[in-house]
Amino acid sequence: SGVYDLTAQKDHEIKQGWNDISPMTAANGFTMERLEKNSPIKILQKHSQSPIEVTRNAIPPTLLLHGKDDGVAPPQSSKMLYEALQQQNPSTRMQDQIELLDGVGHEDPVVETTVGGPTQSIIFQWLESVIEKA
């Protein structure tokens, strides 16, 4: 789970009342322009229009895990990044995968990756499939 559209995350944080304590806002100079400029999804969308194929194909296969019960970073953030990846070069993005996990919160994927659980199993299965196709 992660934040890939920083401006959308800022809007979410304002609605939640977290804006004043957001390290993300401070790290981006407290401006919407910098949040927009530094948003991974915006950078990806910009590069997906590049006429240079190396730029479009520079991102390796990607697995996105996001808990449906994540109250910190909404699952929509991962959905948007997945869709942007798929638009980049669909023929080379076949190994990308998104998993929206029922009953999983913001920190759960990290904990389960470390100590074991459904998230860890998904990661190992995905890695095996990527290695097999390499």
**Complete:** Counting only residues 5 or more apart in sequence or on a different chain, those whose built amide H sits under 5 Å from that of I98 are L64
**Request:** Please compute the net charge surrounding Y82, taking Lys and Arg as +1 and Asp and Glu as -1 over other residues with Cβ under 14 Å from its Cβ.
**Result:** -2
**Fill in**
Within the chain, pairs of Lys residues whose Cα atoms are less than 17 angstrom apart, provided they are eight or more positions apart or on distinct chains, add up to 5
**Complete:** Net charge near W18 (other residues with Cβ under 12 Å of its Cβ; Lys, Arg +1; Asp, Glu -1) is -1
**Asked** So how strong a dipole does segment 1-51 carry about its Cα centre when Lys and Arg Cβ are +1 and Asp and Glu Cβ are -1, to the nearest 20 debye?
**Response** 180 debye
**Prompt:** Counting every Cα pair in the chain, what percent are over 18 Å apart?
**Reply:** 60 percent
**Asked** What accessible area per residue comes out for segment 7-131, rounded to a whole number of Å², with a 1.4 Å probe?
**Response** 60 Å²
**Item:** Neighbour net charge for G105 - beta-carbon separation under 10 angstrom, K R +1, D E -1
**Value:** -3
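The values are calculated or read from the model by the stated rules, or taken from the named source; none is laboratory data. None of the values given here were measured: they were computed from a predicted structure. Counting neighbours? That spans all protein chains shown, and the Cβs are built from the backbone with ideal geometry, glycine included. Remember, those area values only see protein heavy atoms, side chains included, never the ligands or the DNA or RNA. Shrake-Rupley method; radii C 1.70, N 1.55, O 1.52, S 1.80 Å.
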